[in-house]
1. Here are some residues: Ile25, Ile83. Which one is at pLDDT below 85, part of a loop (DSSP other than H, G, I, E, B) and aliphatic (A, V, I, L, M)?
2. Out of (1) under 30 Å from Val85 (Cα atoms); (2) among the charged types (D, E, K, R); (3) at pLDDT below 90, what's the single condition that is false for Glu155?
3. Name the one entry in Gly171, Gly136, Gly114, Gly148 that is under 24 Å from Pro76 (Cα atoms) and in contact (Cβ under 8 Å) with a residue 60 or more places away in the chain.
4. Please give the number of the condition Val6 fails out of (1) outside any helix (DSSP H, G or I); (2) at pLDDT 75 or above.
5. Inspect region 135-148 for any residue being surrounded by 12 or more Cβ atoms within 10 Å (Cβ to Cβ), under 22 Å from Ala71 (Cβ atoms), modelled with pLDDT under 90 and not acidic (Asp, Glu) and give the result as yes or no.
6. Taking the criterion of being among the acidic types (Asp, Glu) and outside any strand (DSSP E or B), would at least one residue in region 161-168 satisfy it?
7. Can you spot a residue in region 53-74 that is surrounded by 10 or more Cβ atoms within 10 Å (Cβ to Cβ), within 30 Å of Gly114 (Cβ to Cβ) and modelled with pLDDT under 80?
8. Give the number of residues within region 138-189 that are over 20 Å from Pro98 (Cβ atoms) and hydroxyl-bearing (Ser, Thr, Tyr).
Amino acid sequence: MMSGLVPHWVHRMRPKHLLTCLMIIALSGCAGGDEFADIKSFMAEIDKKPRGSIAPLPEFEPYQPFTYGAANRRSPFERPIVIPVKTEEQRRNVGVKPPQDHVKQYLERFNLAGIQMVGTLQQDDSTWALVLDDQGGVHRVQVGDYMGASWGKIESINDARIDITEIVTDGVGGWLRRPRTIELNGNSE
């Protein structure tokens, strides 16, 4: 071995100390170069420029809740009801009024605009319609059943539609019958 090239004190050092000394020597050799001079000059140039100011956040007015006041009125997406003008005598003779002893059925809690016809079922001479309510439930109905909020009675069912007669107020203290149709694709009249 070339013991003449290595100082004699190196042979007496422990390997852990030797490794530490070699690392210190290697790192001190890296610090001598000026390889980051361009970055330092760029940062010095940026520091010399005047500082800008950030605009303050805009003032927002506090939220004012909106109360919808037309919830009890007719939906603008339904066809308007055409009410013929009747005399007092004609109103007395009509005799149309909501059923008095009627037990509400489940589908009477939904508006007819939210009910869609999705199919029919037939067995022997009985026909049922399958309807979808606005909460996603499918129900079987037949002629004579009620649905909709205005005492809508099912008058007839065929493969393409359900014919319903509702009893609605005429606006002057009486009642009138209003025909409605729910078609298979979900459109109602």
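The values are calculated or read from the model by the stated rules, or taken from the named source; none is laboratory data. Owing to the predicted nature of the structure, the values given are computational and were not obtained by experimental measurement. In this analysis, Cβ positions are derived from the backbone assuming ideal geometry, glycine residues included, and neighbour counts consider all displayed protein chains.
1. Sole residue among the options that is at pLDDT below 85, part of a loop (DSSP other than H, G, I, E, B) and aliphatic (A, V, I, L, M): Ile83.
2. Here Glu155 meets the rest and fails (3).
3. Gly171
4. It is condition (2) that Val6 fails.
5. Within region 135-148, one or more residues are surrounded by 12 or more Cβ atoms within 10 Å (Cβ to Cβ), under 22 Å from Ala71 (Cβ atoms), modelled with pLDDT under 90 and not acidic (Asp, Glu).
6. no
7. Yes, region 53-74 has at least one match.
8. Number satisfying all stated conditions: 3.
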